[in-house]
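Trainee: The structure is given below, and queries will be raised subsequently.
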Amino acid sequence: MKCEVLSNVFLKERRLLLDLAVPAGFAAASPGQFLHIRIEDSCDPLLRRPLSIHDYCASGKKNGVVVRVLYEVVGKGTALLSEKKPYSEIDCLGPLGSGFDMEKIAGYKNVYIIAGGMGVAPLFFLVRKIMECKVKSVKCKVAVLLGVKTKNDILREKEFKDLGCQVHIATEDGSKGFKGRVTELLKEKLQPRSIICACGPKPMLAAVSEIARSNNVPAQVSLEEFMGCGLGACLGCVIRTTSGYKRICHDGPVFDSSEIIWKD
Amino acid sequence: MKPRLEVKIAGLKLKNPVMTASGTFGYGDEFADYVDPARLGAVITKTITLHRREGNRPPRISETAAGMLNSIGLQNNGLDDFIKNKLGAYKDPRIKLIVSVGGETNAEYGRIVRELSVFKQVSAFELNISCPNIEYKDKIIAQDERLTREVVKEARRNTRLPLIVKLSPNVDDIAKIARAAQDAGADAVSLINTFLGMAIDVRTRKSILGNITGGLSGPAIKPIALRMVWQVRNSITLPIIGMGGIMTARDALEFIIAGASCVAVGTVNFVDPGASLEIIAGIERYLVEHKFKGINELVGSLNVS
Ligand SMILES: Cc1cc2nc3c(=O)[nH]c(=O)nc-3n(C[C@H](O)[C@H](O)[C@H](O)COP(=O)(O)OP(=O)(O)OC[C@H]3O[C@@H](n4cnc5c(N)ncnc54)[C@H](O)[C@@H]3O)c2cc1C
Ligand SMILES: Cc1cc2nc3c(=O)[nH]c(=O)nc-3n(C[C@H](O)[C@H](O)[C@H](O)COP(=O)(O)O)c2cc1C
Ligand code: FES
């Protein structure tokens, strides 16, 4: 479906925020889902690129809806995407995939959101949705742990705070907040009777999964793999689980961490 | 007057010459939001095997210049699951379903086609012979005339439904294998399957694919696929289903002019899930513009003067 670019702006070097006007007929999105984007009408790059839905909200215009994407320029496709100007159109499939289990999350008093680097992308929409349901309930705590290499890589800190949740920063070089990995910070902060939602590099998610297991709390993790169809047909994007290979694009990208077999 | 898009091939009557290639369209249901399979010439399923196959370790996909590598490893849930959970979904009698069949022994191919022949949803079989035969030191069937002949004969003994033999391009002379398939009783050949290739991540010095090598598909392979269709067309009399890198109606027309009665589209389904329908519409427009009464006039019409 063709989506019009409303804005596409650099937040920090190499990281951009893209706002797309959602055309009529686009199904409502839920947190953890993604768009499968055809960046150019060309043979190179050929395949679509999966990008998470960073937010999905009213645009201000009558009945208008905006789908927002937070992305990093890492290669050919994302470099071309960063050059898109307002009023141009981008071909998007979506919302695709199965996202976070909101019902399950609603049953917990403490929610820990763990973002490793660009893993923050799908988590903003999630936190906004959780806060929407939770504001009225008492004593619910949502803690967002942002893990980055260095302070300059921190994204969306203010926006998370504006939603009313606690934000903790972990930098690997110690330039801000906790010095070390975000998973070390999680170990420090984690309370019983909590649920964890995480997105980031696979080794980080494996560590989160191990922390969840040893503390006997559930964790939902959002995974990545190269994609072909994005529709569950080609079996190109699989992850090994306790019940065989599953498709990240269709059965995920969000999985219960206890289901994933992490070692290669 | 509207030009005729119908084709008759291997005893099948198809609405139009455009099929979806095995492994790129699942079992059709995954694309339900984009394509009504009843509008296609035919749907060729993901290859099924007798027993469930896990498939290869990921990563299974890597993009290359104007193409992609895949090493899915024939992941599928096996014959019984296909019968129980997939066949039932094809209720619409307008859908032409071609089941792609793979196996490790000739007997496996024979058994699958025999068991599936009783289902009226199944219109034909495509034998995916790019599989290693474990009884012959894992030799790839499609790379050996004798193995090709044997597997086609065994399938032939077990079904009266049309048999399409899918040829591999990873051979020294594809026409030789096509002739072997024809001699053994095939009703049509389809070509080509993917080219064996690889890609390396220089940072880690590891192959990008978990399986190290994989099959190259997409526009990058089109010129070679086209040449092979032309070559096979000149060596056998069986009808040909042409494929390899088709992205547009023009690409499809090239294959038809080179000698293919039908085409199959694969990788383009990932780029644009509705591409197969656009290609059908584009072929029709071409026939109108160039005043052809039907697609048959175009098949093998390459002007070599
Ligand atoms: C479900 C899902 C959601 C995603 N959401 C986001 C998001 O919200 N924001 C964001 O910035 N990125 C996201 N990604 C990753 C994003 O898809 C890739 O960064 C992008 O496809 C790279 O395209 P490219 O052409 O720029 O890079 P390429 O030229 O294709 O590759 C450049 C580098 O990026 C790596 N890469 C390419 N594709 C992927 C991939 N699918 N997963 C991991 N690494 C990859 C390659 O190994 C290579 O090193 C997501 C991936 C998935 C699977
Ligand atoms: C992801 C993927 C999976 C495939 N799986 C199969 C398969 O199961 N059986 C088969 O015969 N061919 C399979 N193929 C090959 C295609 O059917 C087709 O022959 C090939 O991709 C060339 O066409 P294309 O360039 O249009 O994709 C697969 C191709 C891709 C890209
Ligand atoms: S990308 Fe095709 S099955 Fe996931």
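Trainee: Give a residue-ordered list of calculated ³J(HN,Hα) values for segment B:32-44 (Karplus: 6.51 cos²θ - 1.76 cosθ + 1.60, θ = phi - 60°; whole Hz; x for Gly, Pro).
Mentor: Result, ordered by residue: 3, 6, 10, 9, 7, x, 5, 8, 8, x, 6, 10, 9 Hz.
Trainee: Can you work out the PRE-style zone for B:PHE119? Point 7 Å along Cα to Cβ, and I want the residues of segment B:78-104 with backbone N under 13 Å.
Mentor: Once the point is set 7 Å along Cα→Cβ of B:PHE119, B:78-92, B:97-101 turn out to lie under 13 Å by backbone N, inside segment B:78-104.
Trainee: Let me ask something additional. So what is the relative contact order for chain A, in percent, with contacts set as C-alpha pairs under 8 Å and at least six apart?
Mentor: 17 percent
Trainee: A follow-up question, please. Given a Förster distance of 60 Å, report the FRET efficiency between A:SER258 and B:GLN231 from their Cβ-Cβ distance, rounded to the nearest 0.05.
Mentor: For A:SER258 and B:GLN231, the calculated efficiency is 0.65.
Trainee: For segment B:160-184 and segment A:1-79, compute the distance between their C-alpha centroids and round to whole Å.
Mentor: 45 Å
Trainee: How much solvent-accessible surface does A:VAL142 expose, in Å² to the nearest 10, with a 1.4 Å probe and all protein chains in place?
Mentor: Solvent-accessible area, nearest 10 Å²: 10 Å².
Trainee: Per residue of B:20-29, how many C-beta atoms from partner chains lie within 10 Å of its own C-beta, taken as a mean?
Mentor: Taking the mean over all residues of the peptide, I get 3.
Trainee: Suppose we compare each residue of segment A:222-264 in its chain alone and in the full protein complex with a 1.4 Å probe; which ones drop by at least 50 Å² of accessible area?
Mentor: Buried by the other chains: A:PHE226, A:LEU231, A:ALA233, A:CYS234, A:LEU235, A:TYR245.
Trainee: Could you give the spread of the C-alpha atoms of the protein assembly as shown along their three principal axes, from largest to smallest, in whole angstroms?
Mentor: Sorted largest first, the three principal extents are 76, 53, 45 Å.
Trainee: Could you pull out every residue, at least 5 positions away or on a different chain, whose amide H is within less than 5 Å of the one on B:GLY300? Hs are placed 1.01 Å off N in the peptide plane, and Pro or chain starts have none.
Mentor: Result for B:GLY300 returns B:ILE257, B:ALA258, B:GLY259, B:ALA260.
Trainee: With only Lys, Arg, Asp and Glu charged, each at its Cβ (+1 for the first two, -1 for the last two), find how big the charge dipole of the protein assembly as shown is about the Cα centre; round to the nearest 20 debye.
Mentor: Roughly 800 debye, rounded to the nearest 20.
Trainee: Please name which of B:VAL35, B:ASN16, B:THR45 has its Cα lying farthest along the dipole of segment B:14-63 towards the positive end, using unit charges on Cβ (Lys, Arg +1; Asp, Glu -1) and the Cα centre as origin.
Mentor: Value: B:THR45.
Trainee: What does the accessible area of B:ASP80 come to, in Å² to the nearest 10, when a probe of 1.4 Å is used?
Mentor: B:ASP80 exposes around 100 Å² with every protein chain in place.
Trainee: What accessible area per residue, rounded to a whole number of Å², is obtained for segment A:102-221 using a probe radius of 1.4 Å?
Mentor: 47 Å²
Trainee: When Rg is the radius of gyration of the Cα atoms in chain B and Rh is its Kirkwood radius, what does Rg/Rh come to?
Mentor: Working: Rg = 18.2 Å, Rh = 19.3 Å.
Rg divided by Rh gives 0.95.
Trainee: Would you calculate a helix-derived [θ] at 222 nm for chain A, using -39,500 (n - 2.57) for each DSSP H run of n ≥ 4 and dividing by the full residue count, to the nearest 500?
Mentor: The per-residue figure over chain A is -6000 deg cm²/dmol.
Trainee: Considering Cα pairs under 8 angstrom that are at least six residues apart, work out the relative contact order of segment B:38-148 and quote it in whole percent.
Mentor: Values: 177 pairs, mean separation 29.5, N = 111.
For segment B:38-148, the relative contact order is 27 percent.
Trainee: Just the number, please: carbon plus sulfur as a percent of the accessible area of the protein assembly as shown, 1.4 Å probe, no ligands or DNA/RNA counted.
Mentor: 50 percent
Trainee: For B:LYS8, go through the aspartates and glutamates and keep the ones whose alpha-carbon is under 12 Å away, minus same-chain ones fewer than eight residues off.
Mentor: Qualifying aspartates and glutamates at Cα under 12 Å: B:ASP187.
Trainee: Determine the gain in length on full extension of the stretch B:LEU302-B:ALA65; use 0.36 nm per residue of separation and subtract their C-alpha separation, reporting nm with one decimal.
Mentor: Between B:LEU302 and B:ALA65, full extension yields 82.4 nm more.
Trainee: A follow-up question, please. At 222 nm, what helix-only mean residue ellipticity would chain B give, in deg cm²/dmol to the nearest 500, using -39500 (n - 2.57) for each DSSP H run of four or more?
Mentor: Calculated from helices alone, the mean residue ellipticity at 222 nm is -7500 deg cm²/dmol.
Trainee: While we're looking at this one, here's another question. Quick one: work out the % antiparallel among DSSP beta bridges in the protein assembly as shown, nearest 5.
Mentor: That works out to approximately 50 percent antiparallel.
Trainee: Could you name every residue in segment B:39-82 that has 30 Å² or more less accessible surface in the full protein assembly than in its own chain alone (probe 1.4 Å, ligands and nucleic acids excluded)?
Mentor: Buried by the other chains: B:GLU54, B:ARG57, B:PRO58, B:PRO59, B:ARG60, B:ILE61, B:GLU63, B:ALA66, B:ILE72, B:GLN75.
Trainee: Continuing with the same structure: Could you check the spin-label model distance between A:CYS133 and A:LYS179? Points 7 Å from the Cα along Cα→Cβ, value in nm.
Mentor: 4.0 nm
Trainee: Would you kindly compute the Cα radius of gyration of segment A:102-221 and its largest Cα-Cα separation (Dmax), both in Å?
Mentor: Cα radius of gyration and Dmax of segment A:102-221 are 13.1, 38 Å respectively.
Trainee: When only the heavy atoms of the protein chains count and the probe is 1.4 Å, how do A:TRP262, B:TRP230 rank by accessible area, highest first? Could you put the intermediate results ahead of the total?
Mentor: Values: A:TRP262 50, B:TRP230 90 Å².
Most to least solvent-accessible, the answer reads B:TRP230, A:TRP262.
Trainee: Let me ask you something else. May I ask you to rank A:LYS61, A:LYS2, A:LYS84, A:LYS176 by accessible area, largest first, using a 1.4 Å probe over the protein chains only?
Mentor: Reading off the accessible areas and sorting them downward yields A:LYS61, A:LYS2, A:LYS176, A:LYS84.
Trainee: At most 14 other Cβ atoms within 10 Å and a DSSP loop assignment: could you name the GluC sites (Glu not before Pro) in segment A:1-95 that fit?
Mentor: Counting only loop positions with at most 14 other Cβ atoms within 10 Å, the GluC sites (Glu not before Pro) in segment A:1-95 are A:GLU13, A:GLU83.
Trainee: Just by accessible area at a 1.4 angstrom probe, what is the order of B:LYS13, B:LYS153 from largest to smallest?
Mentor: B:LYS13, B:LYS153
Trainee: Which links in B:LYS166/B:LYS206; A:LYS141/A:LYS179; A:LYS2/A:LYS151; A:LYS12/A:LYS76; A:LYS263/B:LYS206 stretch past 25 Å when you go from one Cα to the other?
Mentor: Where the Cα-Cα span goes over 25 Å, the pairs concerned are B:LYS166/B:LYS206; A:LYS2/A:LYS151.
Trainee: Show me, for segment B:80-88, the HN-Hα J-couplings you get by feeding each phi into the Karplus relation (A = 6.51, B = -1.76, C = 1.60, θ = phi - 60°), rounded to Hz, glycine and proline as x.
Mentor: So the J values, rounded to whole Hz, are 4, 5, 4, 5, 6, 10, 10, 4, x.
Trainee: Same structure, new question: Segment B:50-107 to segment A:189-224: how many Å between their Cα centroids?
Mentor: 33 Å
The values are calculated or read from the model by the stated rules, or taken from the named source; none is laboratory data. All of these numbers come straight from a predicted model, not from anything done at the bench. A quick note on method: Cβ atoms are made from the backbone with ideal geometry, for glycine too, and the neighbour counts reach across all protein chains shown. Heavy atoms of the whole protein, side chains included, go into the accessibility calculation; ligands, DNA and RNA do not. Shrake-Rupley method; radii C 1.70, N 1.55, O 1.52, S 1.80 Å.
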